[in-house]
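The values are calculated or read from the model by the stated rules, or taken from the named source; none is laboratory data. These numbers were taken from a predicted model, which means no experiment stands behind them. So basically every Cβ, Gly included, is an ideal-geometry build from the backbone, and we count neighbours across all protein chains shown. SASA here: full protein model, heavy atoms, side chains in, ligands and nucleic acids out. Shrake-Rupley method; radii C 1.70, N 1.55, O 1.52, S 1.80 Å.
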Amino acid sequence: MKQFITIILFLFFVVGVQAQDLTDSTIIVLRQEIKELRSANKKLKCDLERQKQQLRALSDSVRTELEKLNKETSKATSQLDNKSTETEKTTQTQIIGVTESVGKKTLFGIIGGAVLLLLSVGLFFWLYVKRKADSASIVKQLEDQKSSLETKLVKEYSSQADVLENLMKTIRELRV
């Protein structure tokens, strides 16, 4: 009977030691996996920060270029308005002088030139408006890309947080 009790106690002792070794090795493996996940998470954070900085720099440079273009366009528009006004005044003065001194054929030639000048000014304004619309379109595309990148990054962080949460739950369950 004593031998039987001794054998049973010995078996419980051996089983307990093996169970403890199994949980210790599992905890070590889980700790290593947690370290790897933290390392990967840090790397992703660094990549995200670098991409954010690049996006900010790109956005700033686009904004600067747009401001330069707007300044140049407004300057050119102002100059053309002044030239157009001066040309129109000059043309009106010349038409009056030509009408009094020159025949009908010359008068029609001058009128054609004035119409051509007015059409050129109209074409310039049309091109100016189209250029402005294209600039706005580029800015909108850049903003859409920026928001898309931010959305993707938030989703990635969320999924990583879920994985870490599940891993922590698993570790807690193993401890219990």
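Tabulated values for the structure
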{"quantity": "Residue in the stretch 126-135 that is among the aromatic types (Phe, Trp, Tyr), farther than 24 Å from residue 60 by Cα, free of Cβ contacts under 8 Å to residues at least 60 places away in the same chain and in a helix (DSSP H, G or I) present", "calculated": "yes"}
{"quantity": "Enumeration of residues in the stretch 146-176 that are under 17 Å from residue 27 (Cβ atoms) and either surrounded by fewer than 10 Cβ atoms within 10 Å (Cβ to Cβ) or without any contact (Cβ under 8 Å) to a residue 24 or more places away in the chain (or both)", "calculated": "166, 168, 169, 172, 173, 175, 176"}
{"quantity": "Test: residue in the stretch 119-138 that is open to solvent by 90 Å² or more (accessible area, probe 1.4 Å) and over 38 Å from the mean Cα position of the chain (by Cα)", "calculated": "yes"}
{"quantity": "Long-range neighbours under 6 Å by Cβ, at least six apart or interchain, first residue open to solvent by 80 Å² or more (accessible area, probe 1.4 Å) within the stretch 31-53, second at pLDDT below 85", "calculated": "none"}
{"quantity": "Test for residue 138: is it assigned to a helix (DSSP H, G or I) and under 30 Å from residue 42 (Cβ atoms)", "calculated": "no"}
{"quantity": "Residue in the stretch 156-174 that is over 30 Å from residue 46 (Cα atoms), in contact with a helix residue (DSSP H, G or I) (Cβ under 9 Å, 6 or more places away or on another chain) and assigned to a helix (DSSP H, G or I) present", "calculated": "yes"}
{"quantity": "Residue within the stretch 78-88 that is in contact with a Ser or Thr (Cβ under 6 Å, 6 or more places away or on another chain) and either assigned to a helix (DSSP H, G or I) or under 30 Å from residue 55 (Cβ atoms) (or both) present", "calculated": "no"}
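Condition check ((1) at pLDDT below 85; (2) among the basic types (Lys, Arg)) across all residues:
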{"position": "47", "(1), (2)": "no, no"}
{"position": "65", "(1), (2)": "no, no"}
{"position": "72", "(1), (2)": "no, no"}
{"position": "85", "(1), (2)": "no, no"}
{"position": "91", "(1), (2)": "yes, no"}
{"position": "100", "(1), (2)": "yes, no"}
{"position": "109", "(1), (2)": "yes, no"}
{"position": "145", "(1), (2)": "no, no"}
{"position": "152", "(1), (2)": "no, yes"}
